[in-house]
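Notes to accompany the following structure.
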There are 2 protein chains.
Amino acid sequence: MTARIIDGKVIAADLRAQVAREVERVKRDHGLTPGLAVVLVGNDPASEVYVRSKHTQTQAAGMASFEHKLPADVSQDELLALIGKLNRDPAVHGILVQLPLPKGLETEVVINAIDPAKDVDGLHPHNAGRLAGGQPALAPCTPLGCIILSKTVHGSLEGMNAIVIGRSNLVGRPLVQLLLNENATVTIAHSRSRDLPALTARADLVYAAVGRPEMVKRDWIKPGATVIDVGINRIPTAEGKTKLVGDVAYAEVAEVAGAITPVPGGVGQMTVACLLVNTLRAACAIAGLPKPAV
Amino acid sequence: MTARIIDGKVIAADLRAQVAREVERVKRDHGLTPGLAVVLVGNDPASEVYVRSKHTQTQAAGMASFEHKLPADVSQDELLALIGKLNRDPAVHGILVQLPLPKGLETEVVINAIDPAKDVDGLHPHNAGRLAGGQPALAPCTPLGCIILSKTVHGSLEGMNAIVIGRSNLVGRPLVQLLLNENATVTIAHSRSRDLPALTARADLVYAAVGRPEMVKRDWIKPGATVIDVGINRIPTAEGKTKLVGDVAYAEVAEVAGAITPVPGGVGQMTVACLLVNTLRAACAIAGLPKPAV
């Protein structure tokens, strides 16, 4: 094992502490308490766990946390009415609708109803469009976390060759935009790409976001490269149990990479912390304050 | 000279003829006459030439053409009022505001006021966001032209390695999205990229969109690659006159490339033809008709 392990848990805790300090400052200096509203429809157990975690971390950062739980059979009109109310509520600076939504609700219509200024998940086309245009925008949390992790290894990503494997709307595509904003040279590869190992072997920065267990192998990686693993895949073990693995064959890649994120304990740790960052930024922007220090 | 010359003039004429046939069909079968409104503010001579050319080509394709000329000192409110009127006008399916706007008018506010369904220049963040998300969208005309030219050489771009040099909002960034939609593997390079010649030499498809005269040299190009030159630069000649050149050193690159666009006579020919394509597509979408055959 030669690679430095990028410890998402420690970095996320540090990020949350930075957010808490900035929340403290805007409260004290401007009387502004950033507020995050989370909307949960139905009672998917995994979603309930996420929502509880967001609630706890939001409060721990000194922000206001608003939870709205709606039954699985809520009508789309009722859900849109709630979003309209949250859009108008001056105490709410961030609105997150927990996905996936139960059947019968149109995700795109619901997301597009959120005020883009409060779209802390960065999913509204207005934010995606601003991000794609290199303008200031609320960016999705997972790619934002990838950039922050990368910058704990390299102070600047300028001029580095990056490859993003996977072109999903939630991760791959916005990550390309964030890497361009950091002045990296970016290649975006996917299931139709030819000779992925050779493409990957040219990169200083490798982002794996395909959802295929341990697909990225040791011989794909340029010695010393930084490897950020976005995948979270549950696979069966020999003992008949299951375990979580990433899109990268961690043990073998760690022997050649310069730095690598583990799974679990890497990118996954960053998502909620980045949601807090976005809520803080949204609150400052809505209040007409300068961009916060985080 | 070994490269096949990609003749933008012939290809654009063919595209306009395809549009005219589809316009004929939707008129006959659905009583729909696609209409394009062009708004020109002030009297910049170059803009007047472009607007006249758009008017002529729109009418030649059988569409309705509406020209709106406003004085350079028009107020932003008056301009926005006109856009509002065009947004509501059922005879208008495409709205193009000729850029650049005179000083005192805020381009972003004006563009964002256009109904995204009528934004045939593909500049509204809503369209940029949909494009960035891989969803159907009106795409900017110049990158659309680049894709059409490439597909006259290669029936499919799937799995090909493409490099886009330049990350402008008008060309480079949307071109990346269109290439991804074609299942190409895309690298986006720019002024901060290291070792651009070596990066370019790996590509099957090279798109130069930086605005630097004859920057891309012979030894940057993999033999047989397809080279699409988006640059239009006016440079002085030895005789004290000026001439137009692209971002590619045409004469020397043509000796190694498999196919190449000339400047002038390449990409530049495609832009207005693609505007007609977008207007036809917008008209069909607004009328609830299937996507046209072009």
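The values are calculated or read from the model by the stated rules, or taken from the named source; none is laboratory data. All values derive from a computational prediction rather than experimental measurement. For neighbour counting, all protein chains shown are included, and Cβ atoms are generated from backbone atoms with ideal geometry for every residue, glycine included. Heads up: the accessible areas ignore ligands, DNA and RNA and are worked out on the full protein's heavy atoms, side chains in. Shrake-Rupley method; radii C 1.70, N 1.55, O 1.52, S 1.80 Å.
Using only the Cα atoms of the protein assembly as shown, each taken as one equal point scatterer with no solvent, compute I(q) by the Debye sum, divide by I(0), and report log10 of the ratio at q = 0.08, 0.12 Å⁻¹.
For the requested q values the scattering log ratios are -0.62, -1.30.
Between the stretch B:76-105 and the stretch A:55-121, how many Å separate their Cα centres?
If you average the Cα positions of each part, the centres end up 34 Å apart.
Under a crude label model (7 Å from the Cα following the beta-carbon direction), how far is A:Ala13 from A:Ala293 in nanometres?
Placing both labels 7 Å along Cα→Cβ, they lie 2.1 nm apart.
As an exercise, use a Förster radius of 30 Å and the Cβ-Cβ distance of B:Arg21 and A:Asp77 to find the FRET efficiency, rounded to the nearest 0.05.
Using R0 = 30 Å, I get an efficiency of 0.10.
Out of A:Arg25, A:Arg234, A:Arg173, any idea which swings most in a Gaussian network model of chain A, alpha carbons joined below 10 Å?
A:Arg234
Hey, what did the stretch B:141-269 get for relative contact order, percent, Cα under 8 Å, at least 6 apart?
It comes to 23 percent, rounded to a whole number.
Under the definition of partner shielding as Cβ atoms of other protein chains within 10 Å of a residue Cβ, what is the mean value for peptide A:97-109?
0
Normalised by the residues of chain A, what does the relative contact order come to in percent, with Cα pairs under 8 Å and at least six apart?
22
With an 8 Å cut-off on Cα pairs and a minimum separation of 6 or more residues, tell me the relative contact order of the stretch A:30-115 in percent.
It rounds to 41 percent for the stretch A:30-115.
Given a Förster distance of 56 Å, report the FRET efficiency between B:Lys243 and A:Asp219 from their Cβ-Cβ distance, rounded to the nearest 0.05.
Working from the Cβ atoms, E equals 0.65.
Which aspartates and glutamates have a Cα less than 12 Å from the Cα of A:Lys54, not counting those fewer than 8 places away in the same chain?
Excluding near neighbours in sequence, the set is A:Glu67.
Run through the stretch A:77-123 and list the GluC sites (Glu not before Pro) located in a DSSP loop whose Cβ has at most 16 other Cβ atoms within 10 Å.
A:Glu106
Any aspartates and glutamates with Cα under 13 Å of the B:Lys118 Cα? List them, leaving off those in the same chain fewer than 8 positions away.
B:Asp89
What's the extension gain from A:Glu67 to A:Thr107 if we count 0.36 nm per residue and subtract their Cα-Cα distance?
12.5 nm
FRET efficiency for A:Arg192 and A:Ile235, Cβ-Cβ distance as r, R0 = 25 Å, nearest 0.05?
Rounded to the nearest 0.05, the efficiency is 0.50.
Viscosity 0.890 mPa s, temperature 25 °C: give me the Stokes-Einstein translational D for the stretch B:107-240 in µm²/s, with Rh taken as the Kirkwood radius over C-alpha pairs.
Rounded, D is 156 µm²/s.
For the stretch A:30-115, which whole-number percentage of the solvent-accessible area (1.4 Å probe, protein heavy atoms only) is attributable to carbon and sulfur atoms?
Using a 1.4 Å probe with all protein chains present, the stretch A:30-115 comes out at 54 percent carbon and sulfur.
Using a Gaussian network model of chain B with C-alpha springs under 10 Å, which one of B:Leu86, B:Leu131, B:Leu244 is most mobile by mean-square fluctuation?
The residue that fluctuates most here is B:Leu244.
Any chance you could tell me what percent of the C-alpha pair distances in chain B go past 23 Å?
That tail contains 56 percent of the Cα-Cα pairs.
Give the cross-link partners of B:Lys27 among the lysines, using a straight C-alpha distance below 17 Å as the criterion and excluding same-chain residues fewer than 8 apart.
Answer for B:Lys27, where 17 Å is the Cα cut-off: B:Lys291, listed by chain and number.
Cysteines without a disulfide-compatible partner in chain B, using Cβ under 4.7 Å as the rule?
B:Cys146, B:Cys284
What residue among B:Leu138, B:Leu180, B:Leu123 has the largest mean-square fluctuation in a Gaussian network model of chain B, using Cα springs under 10 Å?
With Cα springs under 10 Å in chain B, the top fluctuation among B:Leu138, B:Leu180, B:Leu123 is at B:Leu180.
Counting only other chains, what is the mean number of Cβ atoms within 10 angstrom of the Cβ of each residue in peptide A:131-141?
4
Apply the Kirkwood formula to the stretch A:30-115: the hydrodynamic radius equals the inverse of the mean of 1/r over all pairs of different alpha-carbon atoms; give it in Å with one decimal.
This gives a value of 13.3 Å.
Across the residues of B:257-270, average count of Cβ atoms on other protein chains within 10 Å?
Mean partner-chain Cβ count within 10 Å for B:257-270: 0.
Probe radius 1.4 Å, ligands and nucleic acids ignored: give me the carbon and sulfur share of the accessible area of the stretch A:141-269 as a rounded percent.
C and S atoms contribute 51 percent here.
Nearest 10 degrees, 0 to 90: what angle lies between the long axis of helix A:141-153 and the longest principal axis of chain A (Cα atoms)?
That helix lies at roughly 50 degrees to the long axis.
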